[in-house]
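Data first, discussion second: the structure below is written as C-alpha coordinates.
The values are calculated or read from the model by the stated rules, or taken from the named source; none is laboratory data. Everything quoted here is computed from the prediction, not taken from an experiment. Counting neighbours? That spans all protein chains shown, and the Cβs are built from the backbone with ideal geometry, glycine included. SASA here: full protein model, heavy atoms, side chains in, ligands and nucleic acids out. Shrake-Rupley method; radii C 1.70, N 1.55, O 1.52, S 1.80 Å.
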Amino acid sequence: MLQKYRALLGATGLAFTLAQPAFGAEKAEVLHWWTTEAQSKAVKVFADAFNAAGGQWVDNAIVNGDVAKPTGINRIVGGNPPTVMMMNAGKQFGELADQGLLNNLDDVAAADSWKKSLPADVLEAVSRDGHIYAVPVNLQTPNWLWYNKALFEKFGVQEPKTWEEFFAAADKFKAGGIIALAFGAQPWQQHQLFNGVLVGAGGRDLYLAVFRDKNPDATKTPEFKRVAETYARIRDYTDPGTPNRSFNEAASMLITGKAAMHIMGDWEKGEFTAAGWVAGKDYGCVLGLGQQNLLMDSNVFIMPKGKSENVAKAQALMAKVMLDKDVQVKFNNLKGSMPVRNDVDTSGLDACSKIGLEVLKDPNKQFAGPDWLAGADMLNSLADVVVEYWATPSETPDQFAAKYAAVLSEFQE
(Lines give C-alpha, C1' and ligand atoms only; values in the text may rest on other atoms or scores of the structure.)
Protein backbone atom coordinates (compact mmCIF):
# COMPACT_ATOMS: atom_id res chain seq x y z
CA MET A 1 0.00 0.00 0.00
CA LEU A 2 2.74 2.46 0.91
CA GLN A 3 4.63 1.48 -2.23
CA LYS A 4 1.54 2.51 -4.18
CA TYR A 5 1.47 5.73 -2.16
CA ARG A 6 5.05 6.50 -3.15
CA ALA A 7 4.32 5.82 -6.76
CA LEU A 8 1.42 8.24 -6.63
CA LEU A 9 3.65 10.88 -5.08
CA GLY A 10 6.26 10.53 -7.79
CA ALA A 11 9.01 13.11 -7.99
CA THR A 12 6.96 16.28 -8.31
CA GLY A 13 6.54 18.97 -5.64
CA LEU A 14 4.38 18.78 -2.56
CA ALA A 15 1.85 21.44 -3.55
CA PHE A 16 1.03 19.64 -6.81
CA THR A 17 1.36 15.99 -5.97
CA LEU A 18 -0.38 15.84 -2.63
CA ALA A 19 -3.38 17.67 -3.99
CA GLN A 20 -4.11 14.93 -6.51
CA PRO A 21 -7.68 13.58 -6.30
CA ALA A 22 -6.34 10.00 -6.05
CA PHE A 23 -6.10 10.55 -2.30
CA GLY A 24 -9.59 11.90 -1.86
CA ALA A 25 -10.32 13.61 1.41
CA GLU A 26 -8.28 11.44 3.78
CA LYS A 27 -9.84 12.16 7.16
CA ALA A 28 -7.45 12.30 10.12
CA GLU A 29 -8.40 12.85 13.74
CA VAL A 30 -5.37 14.55 15.31
CA LEU A 31 -5.04 14.39 19.09
CA HIS A 32 -2.71 17.02 20.59
CA TRP A 33 -2.39 19.43 23.51
CA TRP A 34 -1.49 22.67 21.74
CA THR A 35 -4.27 24.90 23.02
CA THR A 36 -2.82 28.33 23.83
CA GLU A 37 -3.41 31.13 21.32
CA ALA A 38 0.12 30.87 19.95
CA GLN A 39 0.10 27.06 19.83
CA SER A 40 -3.27 27.03 18.10
CA LYS A 41 -1.95 29.34 15.39
CA ALA A 42 1.06 27.09 14.90
CA VAL A 43 -0.86 23.82 14.68
CA LYS A 44 -3.24 25.45 12.19
CA VAL A 45 -0.27 25.57 9.79
CA PHE A 46 -0.28 21.77 9.78
CA ALA A 47 -4.07 21.60 9.50
CA ASP A 48 -4.22 24.03 6.57
CA ALA A 49 -1.39 22.27 4.75
CA PHE A 50 -2.99 18.85 5.26
CA ASN A 51 -6.37 20.07 4.04
CA ALA A 52 -4.80 21.79 1.02
CA ALA A 53 -3.02 18.54 0.17
CA GLY A 54 -6.27 16.64 -0.07
CA GLY A 55 -6.81 15.59 3.53
CA GLN A 56 -9.41 16.45 6.13
CA TRP A 57 -7.98 17.48 9.50
CA VAL A 58 -10.27 16.69 12.45
CA ASP A 59 -8.92 18.56 15.45
CA ASN A 60 -8.97 16.97 18.91
CA ALA A 61 -7.14 19.38 21.19
CA ILE A 62 -6.97 18.45 24.88
CA VAL A 63 -5.68 20.95 27.42
CA ASN A 64 -2.55 19.73 29.23
CA GLY A 65 -0.30 16.99 27.92
CA ASP A 66 -0.56 15.14 31.24
CA VAL A 67 -4.24 14.61 30.38
CA ALA A 68 -3.92 14.26 26.61
CA LYS A 69 -1.24 11.55 26.62
CA PRO A 70 -3.01 9.00 28.84
CA THR A 71 -6.28 9.74 27.04
CA GLY A 72 -4.74 8.93 23.68
CA ILE A 73 -2.80 5.91 24.95
CA ASN A 74 -5.95 4.43 26.52
CA ARG A 75 -7.76 4.85 23.22
CA ILE A 76 -4.95 3.15 21.32
CA VAL A 77 -4.80 0.23 23.72
CA GLY A 78 -8.61 0.03 23.76
CA GLY A 79 -8.89 -0.29 20.00
CA ASN A 80 -10.32 3.15 19.25
CA PRO A 81 -7.21 5.14 18.33
CA PRO A 82 -7.00 8.64 16.88
CA THR A 83 -5.50 8.71 13.39
CA VAL A 84 -2.53 10.76 14.57
CA MET A 85 -1.39 11.53 18.11
CA MET A 86 1.12 13.99 19.47
CA MET A 87 3.87 12.76 21.80
CA ASN A 88 7.42 13.71 22.74
CA ALA A 89 10.43 12.08 21.16
CA GLY A 90 12.10 9.38 23.19
CA LYS A 91 11.07 6.23 24.98
CA GLN A 92 7.53 7.12 25.95
CA PHE A 93 5.88 5.60 22.88
CA GLY A 94 8.21 2.58 22.79
CA GLU A 95 5.78 0.26 24.56
CA LEU A 96 3.07 1.04 22.01
CA ALA A 97 5.46 0.17 19.20
CA ASP A 98 6.60 -2.98 21.00
CA GLN A 99 2.99 -4.13 21.27
CA GLY A 100 2.48 -3.70 17.52
CA LEU A 101 0.00 -0.85 17.96
CA LEU A 102 1.77 1.70 15.74
CA ASN A 103 2.37 1.86 12.00
CA ASN A 104 6.01 2.41 11.13
CA LEU A 105 6.96 5.14 8.71
CA ASP A 106 9.95 3.47 7.07
CA ASP A 107 8.62 3.75 3.52
CA VAL A 108 7.65 7.42 3.88
CA ALA A 109 11.02 8.17 5.49
CA ALA A 110 12.88 6.42 2.69
CA ALA A 111 10.87 8.14 -0.03
CA ASP A 112 11.51 11.57 1.45
CA SER A 113 15.14 10.94 2.49
CA TRP A 114 14.66 11.61 6.20
CA LYS A 115 18.14 10.27 6.93
CA LYS A 116 19.63 13.14 4.91
CA SER A 117 17.42 15.94 6.18
CA LEU A 118 16.96 15.06 9.88
CA PRO A 119 19.59 14.95 12.66
CA ALA A 120 20.78 11.45 13.50
CA ASP A 121 19.97 11.87 17.20
CA VAL A 122 16.41 12.83 16.37
CA LEU A 123 15.97 9.85 14.06
CA GLU A 124 17.22 7.59 16.82
CA ALA A 125 14.76 9.14 19.24
CA VAL A 126 11.79 8.35 16.95
CA SER A 127 12.96 4.83 16.14
CA ARG A 128 12.50 1.45 17.78
CA ASP A 129 14.40 -1.67 16.78
CA GLY A 130 15.50 -0.08 13.52
CA HIS A 131 12.04 1.18 12.46
CA ILE A 132 10.74 4.76 12.51
CA TYR A 133 7.50 5.20 14.42
CA ALA A 134 7.00 8.96 14.69
CA VAL A 135 7.24 12.20 12.72
CA PRO A 136 9.49 14.75 14.49
CA VAL A 137 8.27 18.27 13.75
CA ASN A 138 10.66 20.55 15.65
CA LEU A 139 13.73 20.92 17.81
CA GLN A 140 13.38 22.62 21.14
CA THR A 141 15.04 22.88 24.52
CA PRO A 142 13.27 23.43 27.84
CA ASN A 143 16.07 25.31 29.60
CA TRP A 144 15.87 28.88 28.25
CA LEU A 145 15.85 31.94 30.49
CA TRP A 146 13.54 34.64 29.11
CA TYR A 147 13.54 38.17 30.45
CA ASN A 148 11.75 41.49 30.09
CA LYS A 149 14.31 43.86 28.58
CA ALA A 150 12.53 47.02 29.73
CA LEU A 151 12.67 45.87 33.36
CA PHE A 152 16.32 44.91 33.03
CA GLU A 153 17.13 48.38 31.70
CA LYS A 154 15.04 50.10 34.38
CA PHE A 155 16.83 48.27 37.19
CA GLY A 156 20.26 48.39 35.54
CA VAL A 157 20.54 44.61 35.48
CA GLN A 158 22.87 42.80 33.08
CA GLU A 159 21.88 39.61 31.29
CA PRO A 160 22.79 36.69 33.59
CA LYS A 161 24.77 33.76 32.22
CA THR A 162 25.39 31.81 35.42
CA TRP A 163 23.22 30.84 38.36
CA GLU A 164 25.19 33.18 40.59
CA GLU A 165 24.43 36.06 38.22
CA PHE A 166 20.79 34.98 38.09
CA PHE A 167 20.45 35.22 41.88
CA ALA A 168 22.22 38.59 41.95
CA ALA A 169 19.74 39.90 39.36
CA ALA A 170 16.82 38.33 41.21
CA ASP A 171 17.85 40.09 44.43
CA LYS A 172 17.64 43.48 42.69
CA PHE A 173 14.16 42.82 41.33
CA LYS A 174 12.92 41.43 44.64
CA ALA A 175 14.23 44.50 46.47
CA GLY A 176 12.46 46.69 43.93
CA GLY A 177 9.08 45.04 44.41
CA ILE A 178 9.12 43.08 41.13
CA ILE A 179 8.53 39.33 41.00
CA ALA A 180 11.97 38.08 40.01
CA LEU A 181 10.92 34.76 38.49
CA ALA A 182 7.51 33.92 37.04
CA PHE A 183 6.83 30.27 37.74
CA GLY A 184 4.05 27.71 37.54
CA ALA A 185 4.21 25.04 40.23
CA GLN A 186 2.77 22.27 38.08
CA PRO A 187 4.61 18.92 38.25
CA TRP A 188 5.89 19.03 34.68
CA GLN A 189 7.17 22.58 35.11
CA GLN A 190 8.83 21.79 38.43
CA HIS A 191 10.60 18.72 37.05
CA GLN A 192 11.60 20.55 33.88
CA LEU A 193 13.12 23.38 35.89
CA PHE A 194 15.03 20.93 38.07
CA ASN A 195 16.44 19.16 35.02
CA GLY A 196 17.63 22.51 33.69
CA VAL A 197 19.44 23.15 36.97
CA LEU A 198 20.85 19.62 36.86
CA VAL A 199 22.45 20.09 33.46
CA GLY A 200 23.43 23.75 33.98
CA ALA A 201 24.76 23.66 37.54
CA GLY A 202 25.68 19.99 37.69
CA GLY A 203 27.28 19.49 34.29
CA ARG A 204 27.51 16.78 31.64
CA ASP A 205 28.88 13.94 33.76
CA LEU A 206 26.24 14.32 36.47
CA TYR A 207 23.39 14.63 34.00
CA LEU A 208 24.38 11.48 32.13
CA ALA A 209 25.03 9.58 35.36
CA VAL A 210 21.44 10.30 36.37
CA PHE A 211 19.41 9.84 33.20
CA ARG A 212 21.58 7.55 31.09
CA ASP A 213 23.24 5.43 33.78
CA LYS A 214 20.54 5.63 36.48
CA ASN A 215 23.40 5.66 38.98
CA PRO A 216 22.23 6.40 42.55
CA ASP A 217 25.81 7.22 43.60
CA ALA A 218 25.57 10.33 41.43
CA THR A 219 23.46 11.90 44.18
CA LYS A 220 26.34 11.64 46.66
CA THR A 221 28.56 14.06 44.73
CA PRO A 222 29.25 17.73 45.52
CA GLU A 223 27.78 18.55 42.10
CA PHE A 224 24.41 17.03 42.96
CA LYS A 225 24.33 18.83 46.30
CA ARG A 226 25.00 22.11 44.48
CA VAL A 227 22.07 21.35 42.15
CA ALA A 228 19.76 20.58 45.08
CA GLU A 229 20.76 23.77 46.88
CA THR A 230 20.34 25.88 43.75
CA TYR A 231 16.90 24.49 43.01
CA ALA A 232 15.70 25.07 46.57
CA ARG A 233 17.01 28.63 46.52
CA ILE A 234 14.92 29.48 43.44
CA ARG A 235 11.75 29.20 45.54
CA ASP A 236 12.64 32.46 47.32
CA TYR A 237 12.25 34.45 44.12
CA THR A 238 8.78 33.28 43.07
CA ASP A 239 5.41 34.63 44.21
CA PRO A 240 2.56 33.02 46.20
CA GLY A 241 0.48 32.54 43.03
CA THR A 242 2.66 29.77 41.63
CA PRO A 243 0.44 26.73 42.41
CA ASN A 244 -1.04 25.29 39.21
CA ARG A 245 -0.14 28.37 37.15
CA SER A 246 0.15 27.49 33.44
CA PHE A 247 3.30 28.32 31.52
CA ASN A 248 1.46 30.82 29.29
CA GLU A 249 0.11 32.63 32.37
CA ALA A 250 3.69 32.89 33.58
CA ALA A 251 4.73 34.22 30.17
CA SER A 252 2.00 36.85 30.44
CA MET A 253 3.60 38.05 33.69
CA LEU A 254 6.71 38.97 31.71
CA ILE A 255 4.70 40.61 28.96
CA THR A 256 2.76 42.77 31.43
CA GLY A 257 5.83 43.66 33.47
CA LYS A 258 4.70 41.84 36.61
CA ALA A 259 7.77 39.60 36.55
CA ALA A 260 11.28 40.03 35.22
CA MET A 261 12.30 36.48 34.23
CA HIS A 262 10.90 33.07 33.35
CA ILE A 263 12.66 29.75 32.70
CA MET A 264 10.78 27.79 30.06
CA GLY A 265 11.16 26.06 26.71
CA ASP A 266 11.26 27.54 23.22
CA TRP A 267 7.47 27.44 23.03
CA GLU A 268 7.47 30.52 25.26
CA LYS A 269 8.43 32.56 22.18
CA GLY A 270 5.11 31.70 20.60
CA GLU A 271 3.37 33.55 23.43
CA PHE A 272 5.66 36.53 22.97
CA THR A 273 5.07 36.58 19.23
CA ALA A 274 1.31 36.46 19.74
CA ALA A 275 1.66 39.52 22.01
CA GLY A 276 3.64 41.41 19.36
CA TRP A 277 6.96 41.10 21.18
CA VAL A 278 10.20 40.94 19.19
CA ALA A 279 13.26 38.93 20.25
CA GLY A 280 16.20 41.16 21.16
CA LYS A 281 13.98 44.22 21.41
CA ASP A 282 11.22 43.44 23.90
CA TYR A 283 12.64 40.31 25.42
CA GLY A 284 16.01 38.67 25.82
CA CYS A 285 17.02 35.03 26.04
CA VAL A 286 19.79 32.97 27.60
CA LEU A 287 20.23 29.34 26.67
CA GLY A 288 21.04 27.18 29.67
CA LEU A 289 22.07 29.14 32.75
CA GLY A 290 25.40 27.81 33.96
CA GLN A 291 27.12 25.85 31.22
CA GLN A 292 24.89 26.97 28.30
CA ASN A 293 23.93 23.39 27.47
CA LEU A 294 21.06 22.47 25.20
CA LEU A 295 18.67 19.73 26.28
CA MET A 296 17.34 18.33 23.02
CA ASP A 297 13.62 17.69 22.76
CA SER A 298 11.22 17.27 19.87
CA ASN A 299 7.47 17.14 19.52
CA VAL A 300 6.49 14.16 17.40
CA PHE A 301 3.35 12.57 15.99
CA ILE A 302 2.75 8.83 16.15
CA MET A 303 0.52 6.88 13.79
CA PRO A 304 -1.63 4.23 15.56
CA LYS A 305 -2.75 1.26 13.53
CA GLY A 306 -6.28 1.68 12.21
CA LYS A 307 -8.92 -0.60 10.77
CA SER A 308 -8.69 0.51 7.15
CA GLU A 309 -6.19 1.23 4.43
CA ASN A 310 -7.45 4.82 4.31
CA VAL A 311 -6.05 5.38 7.79
CA ALA A 312 -2.53 4.51 6.66
CA LYS A 313 -2.95 6.71 3.58
CA ALA A 314 -3.97 9.66 5.74
CA GLN A 315 -1.03 9.03 8.06
CA ALA A 316 1.48 8.90 5.20
CA LEU A 317 0.05 12.12 3.80
CA MET A 318 0.29 13.76 7.22
CA ALA A 319 3.92 12.70 7.64
CA LYS A 320 4.88 14.20 4.30
CA VAL A 321 3.03 17.45 4.91
CA MET A 322 4.48 17.99 8.39
CA LEU A 323 8.06 17.70 7.11
CA ASP A 324 7.60 19.86 4.02
CA LYS A 325 10.29 22.57 4.06
CA ASP A 326 7.96 25.56 3.83
CA VAL A 327 5.55 24.09 6.38
CA GLN A 328 8.45 23.46 8.75
CA VAL A 329 9.61 27.08 8.67
CA LYS A 330 6.13 28.58 8.99
CA PHE A 331 5.08 26.24 11.81
CA ASN A 332 8.24 26.71 13.87
CA ASN A 333 8.23 30.48 13.48
CA LEU A 334 4.81 30.53 15.12
CA LYS A 335 5.54 27.77 17.62
CA GLY A 336 8.81 29.35 18.75
CA SER A 337 10.89 26.24 18.15
CA MET A 338 13.53 25.37 15.54
CA PRO A 339 12.83 23.43 12.34
CA VAL A 340 13.86 19.80 12.69
CA ARG A 341 15.03 19.65 9.07
CA ASN A 342 18.64 20.67 8.54
CA ASP A 343 18.09 21.82 4.95
CA VAL A 344 15.60 24.68 5.38
CA ASP A 345 16.21 28.41 5.05
CA THR A 346 16.87 29.68 8.59
CA SER A 347 17.50 33.33 7.65
CA GLY A 348 14.01 34.34 8.76
CA LEU A 349 14.26 32.82 12.24
CA ASP A 350 14.35 35.08 15.28
CA ALA A 351 17.47 35.98 17.25
CA CYS A 352 16.88 33.38 19.95
CA SER A 353 16.39 30.53 17.49
CA LYS A 354 19.67 31.50 15.86
CA ILE A 355 21.39 31.22 19.25
CA GLY A 356 19.98 27.72 19.59
CA LEU A 357 21.10 26.73 16.10
CA GLU A 358 24.61 28.00 16.85
CA VAL A 359 24.81 25.91 20.03
CA LEU A 360 23.63 22.87 18.07
CA LYS A 361 26.85 23.05 16.08
CA ASP A 362 28.80 22.02 19.20
CA PRO A 363 28.24 18.34 20.06
CA ASN A 364 29.62 18.93 23.56
CA LYS A 365 26.76 21.31 24.28
CA GLN A 366 24.05 18.88 23.16
CA PHE A 367 22.29 16.53 25.53
CA ALA A 368 19.61 13.99 24.73
CA GLY A 369 16.57 15.06 26.72
CA PRO A 370 15.40 13.03 29.73
CA ASP A 371 12.58 11.50 27.66
CA TRP A 372 15.19 10.17 25.23
CA LEU A 373 17.18 8.43 27.94
CA ALA A 374 14.66 7.19 30.49
CA GLY A 375 11.19 5.69 30.55
CA ALA A 376 8.03 7.38 31.76
CA ASP A 377 7.86 5.39 35.01
CA MET A 378 11.29 6.57 36.15
CA LEU A 379 10.69 10.16 35.08
CA ASN A 380 7.32 10.30 36.84
CA SER A 381 8.84 8.88 40.02
CA LEU A 382 11.65 11.44 39.95
CA ALA A 383 9.12 14.19 39.31
CA ASP A 384 7.22 13.17 42.44
CA VAL A 385 10.41 13.54 44.50
CA VAL A 386 11.16 16.94 42.95
CA VAL A 387 7.61 18.22 43.50
CA GLU A 388 7.71 17.18 47.16
CA TYR A 389 11.08 18.91 47.61
CA TRP A 390 9.75 22.16 46.15
CA ALA A 391 6.68 22.03 48.39
CA THR A 392 8.68 21.22 51.55
CA PRO A 393 11.16 24.00 52.40
CA SER A 394 12.16 22.11 55.54
CA GLU A 395 13.51 19.18 53.50
CA THR A 396 17.30 19.34 53.33
CA PRO A 397 19.36 18.77 50.17
CA ASP A 398 20.72 15.58 51.73
CA GLN A 399 17.21 14.26 52.43
CA PHE A 400 16.19 15.11 48.89
CA ALA A 401 19.28 13.37 47.48
CA ALA A 402 18.47 10.19 49.40
CA LYS A 403 14.93 10.08 47.97
CA TYR A 404 16.22 10.81 44.46
CA ALA A 405 18.81 8.04 44.80
CA ALA A 406 16.14 5.56 45.90
CA VAL A 407 14.25 6.13 42.64
CA LEU A 408 17.39 5.68 40.54
CA SER A 409 18.09 2.41 42.37
CA GLU A 410 14.72 1.04 41.28
CA PHE A 411 15.45 1.65 37.61
CA GLN A 412 19.07 0.56 37.22
CA GLU A 413 19.43 -1.53 34.07
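Overview of results
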| quantity | calculated |
| --- | --- |
| Residue match in region 114-126 (condition: under 30 Å from Ala259 (Cα atoms) and under 19 Å from the mean Cα position of the chain (by Cα)) | no |
| Scope region 103-129; condition out of contact with any Pro (no Cβ under 6 Å at 6 or more places or on another chain) and closer than 21 Å to Ala374 by Cβ; matching residues | Pro119, Ala120, Asp121, Leu123, Glu124, Ala125, Ser127, Arg128, Asp129 |
| First in region 103-127 and closer than 23 Å to Lys313 by Cβ and among the charged types (D, E, K, R), second anywhere and outside any helix (DSSP H, G or I) and open to solvent by 20 Å² or more (accessible area, probe 1.4 Å), Cβ under 7 Å, 6 or more apart | Asp106/His131 |
| Search result, residues across region 222-244 that are within 19 Å of Asn148 (Cα to Cα) and either at pLDDT below 95 or not polar (S, T, N, Q) (or both) | Ile234, Tyr237, Asp239 |
| Residue within region 247-260 that is within 30 Å of Ser409 (Cβ to Cβ) and either open to solvent by 10 Å² or more (accessible area, probe 1.4 Å) or in contact (Cβ under 8 Å) with a residue 60 or more places away in the chain (or both) present | no |
| Residue match in region 23-31 (condition: at pLDDT 95 or above and open to solvent by 10 Å² or more (accessible area, probe 1.4 Å)) | yes |
| Exclusive hit being in contact with a Ser or Thr (Cβ under 7 Å, 6 or more places away or on another chain) and either modelled with pLDDT under 95 or surrounded by fewer than 24 Cβ atoms within 10 Å (Cβ to Cβ) (or both), set Leu123, Leu139, Leu118 | Leu139 |
| Given (1) open to solvent by less than 40 Å² (accessible area, probe 1.4 Å); (2) over 25 Å from Leu360 (Cβ atoms); (3) in contact with a helix residue (DSSP H, G or I) (Cβ under 9 Å, 6 or more places away or on another chain), number of the condition Ala134 does not satisfy | (2) |
| Matching residues, region 198-238, being open to solvent by less than 50 Å² (accessible area, probe 1.4 Å), free of Cβ contacts under 8 Å to residues at least 40 places away in the same chain and over 23 Å from the mean Cα position of the chain (by Cα) | Thr221 |
| Residue list for region 170-183, restricted to those being of a type in the set (Gly, Ala, Ser) and surrounded by fewer than 23 Cβ atoms within 10 Å (Cβ to Cβ) | Ala175, Gly176, Gly177 |
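Residue-by-condition table, conditions (1) in contact with a Leu (Cβ under 9 Å, 6 or more places away or on another chain); (2) more than 30 Å from Gly78 (Cα to Cα); (3) of a type in the set (Phe, Trp, Tyr):
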{"residue": "Ser252", "(1), (2), (3)": "no, yes, no"}
{"residue": "Ile255", "(1), (2), (3)": "no, yes, no"}
{"residue": "Ala274", "(1), (2), (3)": "yes, yes, no"}
{"residue": "Gly280", "(1), (2), (3)": "no, yes, no"}
{"residue": "Gly284", "(1), (2), (3)": "yes, yes, no"}
{"residue": "Leu289", "(1), (2), (3)": "yes, yes, no"}
{"residue": "Leu295", "(1), (2), (3)": "no, yes, no"}
{"residue": "Lys305", "(1), (2), (3)": "yes, no, no"}
{"residue": "Ala314", "(1), (2), (3)": "no, no, no"}
